[in-house]
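Some notes on the structure that comes next.
Each value in this text was obtained by applying a stated rule to the coordinates, not by laboratory testing. Values in this document were obtained by computation on a predicted structure and should not be read as measured data. Here the Cβ positions follow ideal geometry from the backbone for every residue, glycine too, while neighbour counts run over all protein chains shown.
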There are 2 protein chains.
Amino acid sequence: MDKILRVNMTDLTTRTEPVPAAWAGLGGRALTSTIVAAEVPATCHALGENNKLVFAPGLLTGTPAANSGRLSAGAKSPLTGTIKESNAGGTAAQMLARLGVKALIIEGLPKADKWYSLHVSKDGVTVQEESELIGKGNFAVIEALEARLGKKTGILTIGPAGELKMTAANISVKDPDSKIRSHGRGGLGAVMGSKKIKFITINDEGAPGVKIADPEKFKVAARTFAKALLDHPVSGEGLPTYGTNVLVNILNEAGGLPTKNFTLGQFEGHDKISGETLHDTIVARGGKPKHGCHAGCIIQCSQVYHDKDGKYVTSGFEYETIWGLGADCCIDNLDDIALADNIMDDIGVDSIETAVMFGVAMEAGILSFGDSKEMLRLLRDEIGTGTPLGRILGGGAASVGKAYGVTRVPVVKNQAIPAYDPRSVKGIGITYATSTMGADHTSGYTIATNILNVGGFVDPLKKDGQVELSRNLQIATAAVDSTGMCIFVAFPALDIPECLPALIDMINARFGISLTGDDVTDLGKQVLKTERQFNIEAGFTKEHDRLPEFFKTEPVAPHNAVWDFSDEEIDEFWNF
Amino acid sequence: MDKILRVNMTDLTTRTEPVPAAWAGLGGRALTSTIVAAEVPATCHALGENNKLVFAPGLLTGTPAANSGRLSAGAKSPLTGTIKESNAGGTAAQMLARLGVKALIIEGLPKADKWYSLHVSKDGVTVQEESELIGKGNFAVIEALEARLGKKTGILTIGPAGELKMTAANISVKDPDSKIRSHGRGGLGAVMGSKKIKFITINDEGAPGVKIADPEKFKVAARTFAKALLDHPVSGEGLPTYGTNVLVNILNEAGGLPTKNFTLGQFEGHDKISGETLHDTIVARGGKPKHGCHAGCIIQCSQVYHDKDGKYVTSGFEYETIWGLGADCCIDNLDDIALADNIMDDIGVDSIETAVMFGVAMEAGILSFGDSKEMLRLLRDEIGTGTPLGRILGGGAASVGKAYGVTRVPVVKNQAIPAYDPRSVKGIGITYATSTMGADHTSGYTIATNILNVGGFVDPLKKDGQVELSRNLQIATAAVDSTGMCIFVAFPALDIPECLPALIDMINARFGISLTGDDVTDLGKQVLKTERQFNIEAGFTKEHDRLPEFFKTEPVAPHNAVWDFSDEEIDEFWNF
């Protein structure tokens, strides 16, 4: 029987609850957002006693469906003040799903000034005091816990940044290689830190496993689905070969690679940090060009990067990170970027927020554009130890902008704008403006259609069709984020006719139900509306669905494009 | 002929313009808010090229009317994101009024990385480059400018905090003794700093002066008005004797003196920082217990405080400052508080925002409650020089709360809550919640009726009548702030029947018009509605008209009172 695990950190009690009927058909983002909207007062302090931190595996997580092992984390975000869902790979989602844990809800704040850990097993969840690992980085936590509890233990953990309640803090998830994946965006690590939980372990010994209502139907659909993933040129070829960093040269060519804190659209040093260079370097040094962030992934985009001596530096080395520390900070040294990624994993900060923050910090004169050594020092010695400067930087791009009076601060709803310039890739600008999460490329990845010609083509430099494109993708993504699927299944789903029906067939076979395509679309719409209603109750209006002023007034080379959507055109997004 | 002076900092041009008909009947806050609402896009970056900084003397400023010499400064606030009006005494308002300057509007941002100064005279306004005084404190600026331009020069200036664009930065105004009064709240010093204007000088040689349409009628009304001010026990006796700091013992007695970052309602050391102690200390050391912030003030509440050696330390030494650094930071050493006030004047930060900030910083562990020496060091060496810690502190209470993850942060719309606990003085809580300016006691000073029995009595511990009280006072205050009058004229205006008609008679006699009491009330309502409309367009909703969560959940001694207004009750405020 599926269940809800609930932890009250105020009185340190735990409960196992049946799944309410209204939540039975939900998973992943649909479930975390529904729970947060139902149980968290929208105007509460995100680090206060009334916020809740919710983890939920997706509807298909724990089944043999390819790429279905993502875990959603949700709460009111201390960075944006909006509702937040951030999903990650790693081993935790599948373990929770096999244990029948539909959601883990953590509420309240401890009264004592002590640190704790949570332990999930087939018997439920327990709270323990923790002192040994407080102050430690995420790699040390994982190493120590594997020694303490065994190699197979699932782990969610926060680094020093989360302990210090920095709003760029993320939550780390152990991956199949005992390395790190992240619930990156929105400062959820600070919420976990506010509840004084250093880590959560998962032991799935004796787990009942996931029951599939119609195994034969499931098997057929799963095969069709997997084939579509492998057949599509992006998910079957581009991503497995070059990782997500395949995008550096593509975006540079398109003039949409934000450079030098969003003052240029192309980076001179793009070749040195490109996916092609990354691939060759990884191969030459004996790293892994293909690597999955969770068991069952057949795209294998998360590469393992080694240093010159062939030693592990980082994995899950994403385009957005490399773009941010690279082009946006004018750093063309992949080794330094990889080392920075390692440190960000260890101290536990979102690599997008932090990379964009460094671009703003460079503009503020805290360090110079291109100074990768000082960037590494700031990460390790300032953010990692919580000095005053570290706290400003650890608050993300908007925090630095405020402290230093910078006006060119690429954020929406206080969250950093990632790797695609909205002036020259206009669809993604609509997503940044309207996403319920603050600026977030994953919530409606128009790059697919604007740049990669997936799902048709909508000219990135023109306004026509962008609102509709972003709307359709945000609705679809909200649904996909609820299945536990990796967002990259969207590529075949947009192009290969059998893919989406196979995905729906898997859900139907899993639960013995009969959802239609329209039902899935309705779920996506419902998720967006639930999230938006929370934001409205938190005080957000259409005036917050806007890009920063400088995108309107500063044309970006090479297209000399500006952000030219009127407010009314943006607001069309919510007409559904 | 009255005129508008307009300065464009982008191309460094200036213009003298006729007063548009729609602005002719406006002054002070009514005029700054009308101009900001008309000319500043509500969603602009407050430190960006589209914000404007507006100065306007009141309708009666420059006339012989008692207490009419206040200057309004307006802009979009970088602290709150709302519209902002902050008014101050000093000599500038009357000089501008005598020059016929209805408003000085400063727009744009310089292209070059240079600093400038503005110079207002009978011939208009000019822009000059400035280098000598950049980085200097306000006292040094005033001294140097008096040496450079003559003792009579009017001066508006920003300190290092304004240059660094800190959101607690204020704008200083030279007072009749070449000391400092402040446009304190809302970070307007950062707006002036963003426009790279270090100071503005005013030379009123050859000024036409203020013409009064009906001098005889004016004289009679002015006499009645002045008599009312002198006859009222608060403006005629309490304030002249003890200054505003008369309130320490009164609020302590009422249990409404926020102590130790708003965790208590009474301060053990209240006697040591009280108005009575302050008065005796000033007298014993040869300071001035009575002192006016501008020529023509007959209340004389702004005392001059000397050190043990009889040397000047500070003036305009207000209750809210002494409360904040005293009770709220648990410091009972008046000399240290006075020294801190001197430093705040010199570096140019709002003494309310900064004092409340220190309470939050003490809770965050940056320094200990009661540690006045470290407070002085932080002011001078960190805020004053713009270290990273100084930038966090110079961002005000909310900035510290965010950087250190503190949840007990007494702010509304990001601006610090002053010296009256809203749980035990409930009327002022309605003002804090609903003010268009963020938390601001001066925008609807219910303390008059809740605590001082002026204008009747509304029990501070009960909810009944508070919304109406705050509404009436906020409407009246918006009108009074437009006349150039000191807010303390409200005491006699509420109790002495002849006072308000005399004030209106003075306006009518000055302009040869015939406003009624209703017209003045309508002006107040119009000002509030204009300001609110700006805020709505900036993205503010009723969800922002709320006090921080902890006021609802943490009862405050000695009454164990909580903030118990429902959202609907608060929102009644805007029904007019």
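Key figures for this structure:
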item	result
Exposure proxy ranking, count of Cβ atoms within 10 Å, fewest first, for B:F511, A:F551	B:F511, A:F551
FRET E, pair A:L515, A:C44, Förster distance 45 Å, beta-carbon r, rounded to 0.05	0.85
Positive-end extreme of charge dipole, the protein assembly as shown - chosen from A:N342, A:A439, A:P289 (charges on Cβ)	A:N342
For B:S514, inter-copy label distances in nm, listed shortest first [label point 7 Å out on the Cα-Cβ vector]	8.3
Helical contribution to [θ] at 222 nm, DSSP H n ≥ 4, -39,500 (n - 2.57), averaged over chain B, rounded to 500	-10500 deg cm²/dmol
Surface/4 estimate of mean projected area, convex hull on alpha-carbon atoms of region A:438-509, nm²	5.0 nm²
Per residue Cα convex hull volume in Å³ - calculated over chain A	127 Å³
Loop trypsin sites (Lys or Arg not before Pro), region B:536-575 (other Cβ atoms within 10 Å of the site Cβ: 16 or fewer; DSSP)	none
Cross-link pairs beyond the 32 Å C-alpha cut-off, checked among B:K195/B:K272; A:K260/B:K529; B:K219/B:K311; A:K542/B:K402; A:K3/A:K84	B:K195/B:K272; A:K260/B:K529; B:K219/B:K311
Net dipole in debye of region B:3-202 [+1 Lys, Arg Cβ; -1 Asp, Glu Cβ; about Cα centre; nearest 20]	320 debye
Distances in nm from A:F457 to the matching label points in the other copies, shortest first (labels 7 Å along Cα to Cβ)	8.1
Exposure proxy ranking, count of Cβ atoms within 10 Å, fewest first, for B:I282, B:I171	B:I282, B:I171
Debye-sum result for region B:177-217 in log10 I(q)/I(0), which assumes one identical scatterer on each alpha carbon, at q = 0.33, 0.34 Å⁻¹	-1.14, -1.16
Approximate spin-label separation A:R223-B:M1, in nm, with each point projected 7 Å along Cα-to-Cβ	9.1 nm
Neighbour-limited loop hits for trypsin sites (Lys or Arg not before Pro), region A:305-374 (at most 13 other Cβ within 10 Å; DSSP other than H, G, I, E, B)	A:K308, A:K311
Sparse-neighbourhood loop sites, trypsin sites (Lys or Arg not before Pro) in region A:104-161 - DSSP loop, at most 13 other Cβ within 10 angstrom	A:K111, A:K114, A:K151, A:K152
Ranked list, fewest to most other Cβ atoms within 10 Å of each Cβ, for B:V120, B:V527	B:V120, B:V527
Closest-to-axis residue of chain A (Cβ criterion, axis taking A to B), whole Å	A:P388, 2
Rough spin-label spacing in nm, given labels placed 7 Å along Cα→Cβ, for A:E216 and A:R148	4.9 nm
Label point 7 Å beyond Cα along the C-beta direction, distances from A:R377 to other copies (nm, shortest first)	2.4
Fraction of alpha-carbon pairs over 22 Å apart in region B:3-202 - percent	40 percent
Approximate spin-label separation B:K122-B:L109, in nm, with each point projected 7 Å along Cα-to-Cβ	3.9 nm
Compactness of the protein assembly as shown, expressed as Rg and Dmax over alpha-carbon positions, Å	30.9, 101
Charge dipole (debye, nearest 20) of the protein assembly as shown; +1 at Cβ of Lys and Arg, -1 at Cβ of Asp and Glu	300 debye
For chain B, the longest site-free run once GluC sites (Glu not before Pro) in DSSP loop states with at most 14 other Cβ atoms within 10 Å are removed	B:269-576
Modelled FRET efficiency - R0 56 Å, B:I298 with B:S566, Cβ distances, 0.05 increments	0.85
Fraction of alpha-carbon pairs over 28 Å apart in region A:111-257 - percent	43 percent
Label zone at B:V283, where the point sits 7 Å out along the Cα-to-Cβ direction: region B:236-254 residues whose backbone N lies under 17 Å	B:237-247
